[in-house]
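The values are calculated or read from the model by the stated rules, or taken from the named source; none is laboratory data. Predicted, not measured: the structure shown is a model, and the values here were computed from it. Neighbour counts run over all protein chains shown; Cβ positions are idealised from the backbone, glycine included. What goes into the accessible areas is simple: the full protein's heavy atoms, side chains included, and nothing from ligands, DNA or RNA. Shrake-Rupley method; radii C 1.70, N 1.55, O 1.52, S 1.80 Å.
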Amino acid sequence: MEHALKTSIELPIQQLSTFDLDDAFSDGEPYELTYQFSPEAIREDIARNMPITTNIQLEVESDTAQNGTFKAQNTSVSTIDINGNGVRSRSTPPGSPTSPTDSSNFSQISLSVSASSSDKESAEASRFALTEDDRTASYPNIVIDASAGTPTSHRITSTSEQTKLSEISLESASPPSFPPLEFPHTIESTQSLPTHSVRPALPQIQSNTATPTPTTSPSPSTAAFAPGPIPSSSSAPHAELQSPQKPFTHRPTRSIGPSTFEKVRSKTRPMFLPPKPRQEDEKHMADWQSMMKLSRAAAEKRRKALNERRLAREKHIEDSIHIWEKEIVPDWKVVNRNPSLRKLWWRGIPTKLRASMWERAVGNGLALSKDHYRICLARAKRALLSGVFPQTSMSLIEEDMSTTLPALHIFHPETGPLYPELKDMLCAWVVSRSDEGLGYALGAAKIAAMLLINMPVQQGFVVMRNLMERHCMRSFFGGEGAKDDVEAYYRIFDTLLADGMPKIYFNFKQHQISPAAYLNDWLLPLFLDHLPFEACARVWDVLLLEGDSFLYRASLGILAVLEPRLFFPDRRELLELLRGENKAALDVAKREGRNLDGGKYEIYSVDEETLWERIDHMDEWWKESTWTRLLQRELPDL
């Protein structure tokens, strides 16, 4: 190697012009200097541009690896032909010095197999990786050949104050033959050459880039020792080098200690808070279970107390039966003249006297005979046998009966004892309305069922006919012909709500909820779908006495009980609450084991006691004169 380097190199020196119009890479400056192309000029240029390092040895050794060094074929191809014979040969890899005198002008190369220098060799190799622009550029290259044509083995040893001594053994082989290059220009300025055609070794950088993919595979003997293959010269235009861009990722670390699932069990803790220790989570879980246990115990205690008060109230009503028999039964209209008896009526009618008192309070304005039910039922059966009974009305009857008082199970289609009587009563009611051109309306099954529970079917049918003839009930059950009257009743209720409960009224107006969204569902079944049965029975006691005005007073009382729940920001949630379908309340009722077959508002804790407490408090602002005035304004023909 030393002999080859000491051999004089002859090159035809050509005078390069300072400016060429065809030179696309010239800077175009008028004072561009000429460049003498000679070995001395190349060495001076390399010595001027390369950093100064120390302790670089160039030795010639045998082809075998010694002292942990490794050997690899020198497969890099030099694009500099110093001899000028146009034959390419294997040369030292990029960064290796070409003579002992210039050894101090090259940066360190660390390619040892030790783990401490692996990052440096990957950084050194990445300097010579071709970019996409380098591979696609079609720039002319100058070929200089300084090899002697025989395979040699070079050993480069570099030391520094920061790294240990590393030895590199590179074994070069005879170069393959390549076709000569054709230059587009015979004379060109070397300063206009691309920077990648003759690239000196650069200073060492941080090893944070990936090692480029080699163009030649190393021999099996060196594959076990070499940390990465040495790339070929970056100036070879025909070399297909690839430098995959691997995404930067953190090195996975192995957690020490128990896993997260072992330390943290809470599944509801927000993600922006640190995880809770296992001991603290167990303590909080125990506290939560204790609080829930106390809450269930308190709710059960409240239910027992409520049930005890209800039983005491019913006992008081039954104990007052002698007053009823003595004062009210002979002449029921006395309650309109005696406030104490009126108050006694408002507390509830004894179960034994409820049928007779309801019949007297409703009256018989239609003057129906006792045989009226039998006549209407006979007509209904003949229509069913002949097939002329309206199928639409029959389907509505069956649909309405399927949802009638499901908690009592006495109107069940298969096992309910009162199911046949209820169906016959509804069919007879449809026939009685057929003369007026009216059909069945949903909600009538609830009214008929309430009457059947308290009185015989013949008596109940007459009471039902007369009750439905009251103007408010007839309007809601009157179909399309009574639509204007229904709208008038909606306006009356809206006015009463604005006077008595302005906050609820304003909230409904904000969400664009009119009385038509909920009042129709309350009045048609007379609250049987939404209130508990005991509360409904007491409401019916007063309703049959006071008339249509108490329908609106009871409706306002229901809103007063629901008032804390009525201020939802979403209209959909507010409508769900009014329909008795609030998901949160249903979940709580299921968790507490409540019966969901009763009134829909039982999940909101609406019961007889709380409802009548609100109704009694309305005495401060409710006036019958206001109801009469509103009726005259909205329904002047009544």
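Structure values in brief
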read-out	value
Separation in nanometres of the label points that stand 7 Å from Cα toward Cβ, at Ala378 and Lys623	5.4
Computed label-point distance, nm, for sites Leu442 and Ile321 using a 7 Å Cα→Cβ extension	4.0
Highest to lowest packing among 384-393, 604-613, scored as the average C-beta count within 10 Å	604-613, 384-393
Ranked order, Leu630, Leu396 - accessible area, probe 1.4 Å, largest first	Leu396, Leu630
Accessible area of His316 in the full protein assembly, 1.4 Å probe (Å², nearest 10)	100
Heavy atoms of Arg347: accessible area, 1.4 Å probe, square angstrom to 10	100
Greater than 24 Å apart at Cα, pairs in Lys315/Lys423; Lys483/Lys600; Lys446/Lys600	Lys315/Lys423; Lys483/Lys600
Convex hull volume per residue in cubic angstrom - Cα atoms of segment 543-629	126
Computed FRET value (nearest 0.05) for Thr610 with Lys352, which takes r as the C-beta separation and R₀ as 30 Å	0.65
Label-point separation, Glu592 to Glu308 (7 Å along Cα→Cβ), nm	1.8
Theoretical gain in end-to-end length, Phe567 to Ser369 [0.36 nm per residue, Cα-Cα removed]	66.2 nm
Extreme residue, positive dipole direction of segment 531-612, given options Leu611, Ala535, Leu586 (C-beta unit charges)	Leu586
Computed accessible area, Arg269, all protein chains, 1.4 angstrom probe, square angstrom	80
Two-decimal Rg to Rh for segment 385-537 - Kirkwood Rh, Cα set	1.01
